[in-house]
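One structure below.
The values are calculated or read from the model by the stated rules, or taken from the named source; none is laboratory data. Please read these numbers as outputs of a predicted model, since none were measured by experiment. Cβ placement follows ideal geometry from the backbone for every residue including glycine, while neighbour counts extend to all protein chains displayed.
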Amino acid sequence: MKKILLPILALAGWLAVPHANASWAYVPLELRMAGAKYIVVGKIDRVVDDLERNGRAYDIGAIKVDQVLKGPKSLKEVKLMWPGPAPFALSTDIKFRKGQEGVWILYPDKTEKDVFWASYPSDYQQLKALPKVKAKLMALQKLTWSPAVKGLQIGAIVEQSDMRKANVKVKGRPVQALASATVYVVMRNSGKAPTHVVNFPPDKALSVELTGPDGKVIPLPQGGRGGGKLGKYHFLAVSPGALQAMGYGMRLPLISQPGTYTLALGYDNKRDGGKLVKGDVWQGALKGEAKFTVAK
């Protein structure tokens, strides 16, 4: 691990790879919750139906709702769909069963009315994770956003991991670290019309500057931005009211100094959609700020 500068000892750059080539690209729980239509606590009390789609069987169960975290408080039951019995399974299949209880982060099916999916690994959480889910939902609501420019805002989700008990060495020497952190820059469409943001690393449209608790700027190498050809997948759709992550995150591991860190965020895009995408592509400049605190 290469030493960069205390209190940040090492840094992995932006992970901005095509979404289409990954089985499960990591997505922060906050983003899954932000995009969900419903978040409920409850139990699958029965299987109510099954159907066939594209040669595969699917089961539809009914979640008896005990608590609504997102959605109408009057919600009593939600139908949940998952892959049914089959001679083969895909690596991305997530199956459930009658009697399964927990926290459900639900997205609507694109075809069946009033049927939902929990199709990402973190969309189902065990009951013991309910306090964590509530805390993250509250943090999401308190996220700091930049002033809106043409209906778009920039912010950041920061995930921390405790490293106090970790056995860490840099260049063969033990290092006492407090935490590691990963920053996810996110865009919010606060306007009334859908748009696209561009995540094409060679454009260098995104900028992040980190200031430590002592007020000093900590240099952050951006990693390899690569070349490559601009593709349709570099244009990320953002519907009104929705959040969109820019890439897979910037890792800032091994923070050794406690206190409050400040992230200065920037996004400056001059690129249009050309022939690659239909609809609006946001152009302009945004400046925002995010803070996170590392305890002693």
note = Contact list, first residue from the stretch 266-283 and free of Cβ contacts under 8 Å to residues at least 60 places away in the same chain and surrounded by 15 or more Cβ atoms within 10 Å (Cβ to Cβ), second anywhere and outside any strand (DSSP E or B) and among the aromatic types (Phe, Trp, Tyr), beta-carbon distance below 9 Å, six or more apart or interchain, is none
Subset of the stretch 102-128 (residues that are in a strand (DSSP E or B) and either modelled with pLDDT under 95 or surrounded by fewer than 16 Cβ atoms within 10 Å (Cβ to Cβ) (or both)) = Pro108
task = Report the residue count in the stretch 18-39 for those that are touching a Gly at 6+ places or on another chain (Cβ under 8 Å) and at pLDDT below 50.
result = 1
task = Go through the residues of the stretch 40-53 one by one and say whether even a single one is in contact with an Asp or Glu (Cβ under 6 Å, 6 or more places away or on another chain), loosely packed, with under 14 Cβ neighbours inside 10 Å, of a type outside the set (Lys, Arg) and modelled with pLDDT under 95.
result = yes
inquiry  = Would you confirm, using the coordinates I've provided, whether Ala166 is on the phi < 0 side of the Ramachandran plot, surrounded by fewer than 17 Cβ atoms within 10 Å (Cβ to Cβ) and not in a strand (DSSP E or B)?
reply    = yes
task = Six or more apart or on different chains, Cβ under 8 Å: which pairs go from a residue in the stretch 162-173 that's modelled with pLDDT of 85 or more to one that's surrounded by 12 or more Cβ atoms within 10 Å (Cβ to Cβ) and hydroxyl-bearing (Ser, Thr, Tyr)? Could you list them?
result = Met163/Ser180
message = Going by what's in this entry, would Gly228 be described as farther than 25 Å from Met33 by Cβ, in contact (Cβ under 8 Å) with a residue 12 or more places away in the chain, touching a helix residue (DSSP H, G or I) at 6+ places or on another chain (Cβ under 8 Å) and surrounded by fewer than 20 Cβ atoms within 10 Å (Cβ to Cβ)?
response = yes
request  = State whether one or more residues within the stretch 241-248 are touching a strand residue (DSSP E or B) at 6+ places or on another chain (Cβ under 7 Å), assigned by TED's automatic domain parsing to the domain that holds Gly212 and among the aromatic types (Phe, Trp, Tyr).
outcome  = no
